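The values are calculated or read from the model by the stated rules, or taken from the named source; none is laboratory data. Quantities reported herein were computed from a predicted structural model and do not represent experimental measurements. Neighbour counts run over all protein chains shown; Cβ positions are idealised from the backbone, glycine included. Ligands, DNA and RNA are excluded from the accessible area calculation, which covers all protein heavy atoms including side chains. Shrake-Rupley method; radii C 1.70, N 1.55, O 1.52, S 1.80 Å.
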Amino acid sequence: MDGVHAPTLASGNFDQTGSPHLLAITVAVMACIIMNVLDITIVNVALPHMEGSLHANSDQITWALTTYMLAMVIVTPLTGLLVERFGQRRLILWSVAGFLVCSVMSGQSHSLTEIVLWRFMQGALGASLVPVGQAILVQAYPREKRGVAMATLGMGTMLGPIVGPVLGGYLTEDLSWRWCFYVNIPIGIIAFAMLLFYIPRFGKSEHPRPIDWLGFVWMAIGLGALQMMLSLGDQDGWWSSDFIIILMLMAGTGIFLFVLRSLSVAHPLVDLRLLKDRSLTLGSAGIGLFGLALYGTMVILPIYLQDYMGYEPQTAGLAMAPQGLGSWISMWMAGRLLNRGANPRWMIMAGVFLGATGTWISLSYNLQVSPAWIIWPGVIRGLGLGLVSIPLFTLAFATLSKEQTPEGSGIFNLMRNLGGSVGIAIVSTIMTEEAQDAWNQMGGHINPFNAALPRYLDGAGLRQGNLTWQVLGQILAQHAAMRGILDAFMFLFWSFLVVMLIALLMKNKS
């Protein structure tokens, strides 16, 4: 694949003025990123339909999601090493081609084993798409226009979580769940063709570092066990499950030995010494919290809208889509402001304020709110997310050299993925545990000895009997679940405020 030369780029490197094919490169990279991120969320709404076709139950089918994220978490940190050995051009071309093949095979699956295998391969082959795409855009754009590049990139990463559930719902209802995978084919073909002609060779080292296989084993065990623990913890009851406890011990041991190995060998698998760069470290922590807030919201809202407000999947997706619109608007604004010399830290703090405000409004939700109260807080929260992500990326990479960018991008995106996994796990647990606590607390007042109960039944037009107790149980379950949802929103509110502290600690580099 490297045999095709990029036109007018015979040198194989970008010069100081950037690439002459910025539009083509940007569209190609955007297509790769959208395809990769979309597959994280588009399958969610199709899971109930996949159960019957693949002869799996509701717990087993979640492995179609878990294995995809598991492979991405393991392979993403290897981006820098893979670029050294193969170069950015060859790596991204093979990643797109492999991702397309696995998408087709996932759509063709007829058993749980098949879908789990191909989803794992799909995640492994697609893991490098986002970090390599980031590195390509950073190198293609001249420094004074890098804010526009990062805004464009951010729009792609935000598209998946917002559009995924909507698109997945329509494809599943109107065609088949298999089209959630086949939809990658046209996007991937466009991306591959444009990458083939416009991406120059860059990043390949004449003397790549040797592969630290022991470090790889520890990293795979540590990150793999951590991802599985986060994905399965809530449904398995966390610490009441021996399996989850074993995963926790494996994750802690593997990560500790991996870090120890990486800091003690001359050629580590992932150069964790880059984290000595304060900007990259704080930026990675910030993007982890960003992923937590974004994916945490994507967990709460579908459950709230579909299970307790009675929305259809497509309607719920449309109600959530304005949050993505707000993000796109603020990302475009962020790119323009950064190019005009705006202070990234002030932009992050403005974004945190908007994100926290939108989340704070959501704390007043109940079981009778109008669609407007779903849409407008989402727009405000989306505006905040867009203003946070682009300046945060800019600050994180401000002090890295061009050669360090691919590896730094791998670490950065690993934290975004892990942050999303942590957010999903924490939010799911809060909703489950707090709903149970609320059930116990409120349910204690529903008994024949409570003098207020007969007055409530008379006012509601209910008579005491077996049917009445069933109705009361349903009402109690709805209000208890609402308590858990509000507590989850409160957790996300405080998460936004922590990002503000990180922004204050980061240095503003021009």
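Only one entry in Leu325, Leu282 is open to solvent by 10 Å² or more (accessible area, probe 1.4 Å), more than 19 Å from Gly386 (Cβ to Cβ) and in a helix (DSSP H, G or I), namely Leu282. Scanning the range 183-203 for residues that are open to solvent by less than 40 Å² (accessible area, probe 1.4 Å) and either over 26 Å from the mean Cα position of the chain (by Cα) or not small (Gly, Ala, Ser) (or both) returns Val183, Asn184, Leu195, Leu196, Ile199, Pro200, Phe202, Gly203. Is the range 413-421 home to any residue that is at pLDDT below 80, open to solvent by 50 Å² or more (accessible area, probe 1.4 Å) and either in a helix (DSSP H, G or I) or not aromatic (Phe, Trp, Tyr) (or both)? No, because not a single residue in the range 413-421 is at pLDDT below 80, open to solvent by 50 Å² or more (accessible area, probe 1.4 Å) and either in a helix (DSSP H, G or I) or not aromatic (Phe, Trp, Tyr) (or both).
A Cβ distance below 6 Å, combined with a sequence gap of six or more or placement on separate chains, defines the contacts here; from the range 270-290, residues that are farther than 25 Å from Ala425 by Cα reach residues that are of a type in the set (S, T, N, Q) and open to solvent by 20 Å² or more (accessible area, probe 1.4 Å) in the pairs Leu275/Thr281; Asp277/Thr399; Ser279/Thr399. When you scan the range 394-409, do you find a residue that is open to solvent by 10 Å² or more (accessible area, probe 1.4 Å) and modelled with pLDDT of 80 or more, even just one? Taking every residue of the range 394-409 in turn, none turns out to be open to solvent by 10 Å² or more (accessible area, probe 1.4 Å) and modelled with pLDDT of 80 or more. Just checking, how many residues over the range 471-499 are farther than 20 Å from Ser284 by Cα and open to solvent by less than 50 Å² (accessible area, probe 1.4 Å)? Adding up the residues that qualify gives 13. When you check Arg336 against the structure, is it closer than 30 Å to Arg278 by Cβ, of a type in the set (Lys, Arg) and open to solvent by 30 Å² or more (accessible area, probe 1.4 Å), yes or no? The answer is yes for Arg336. Of the residues examined, Ala342 is one that is modelled with pLDDT under 85, on the phi < 0 side of the Ramachandran plot, open to solvent by 10 Å² or more (accessible area, probe 1.4 Å) and among the small types (Gly, Ala, Ser). If the condition is being modelled with pLDDT under 85 and among the polar types (S, T, N, Q), then the range 177-225 contributes only Ser205. Tallying residues that are outside any helix (DSSP H, G or I) and open to solvent by 10 Å² or more (accessible area, probe 1.4 Å) within the range 32-56 yields 2. Scanning the range 235-269 for residues that are open to solvent by less than 50 Å² (accessible area, probe 1.4 Å), within 29 Å of Thr429 (Cβ to Cβ), touching a helix residue (DSSP H, G or I) at 6+ places or on another chain (Cβ under 6 Å) and not hydrophobic (A, V, I, L, M, F, W, C) yields a total of 1.
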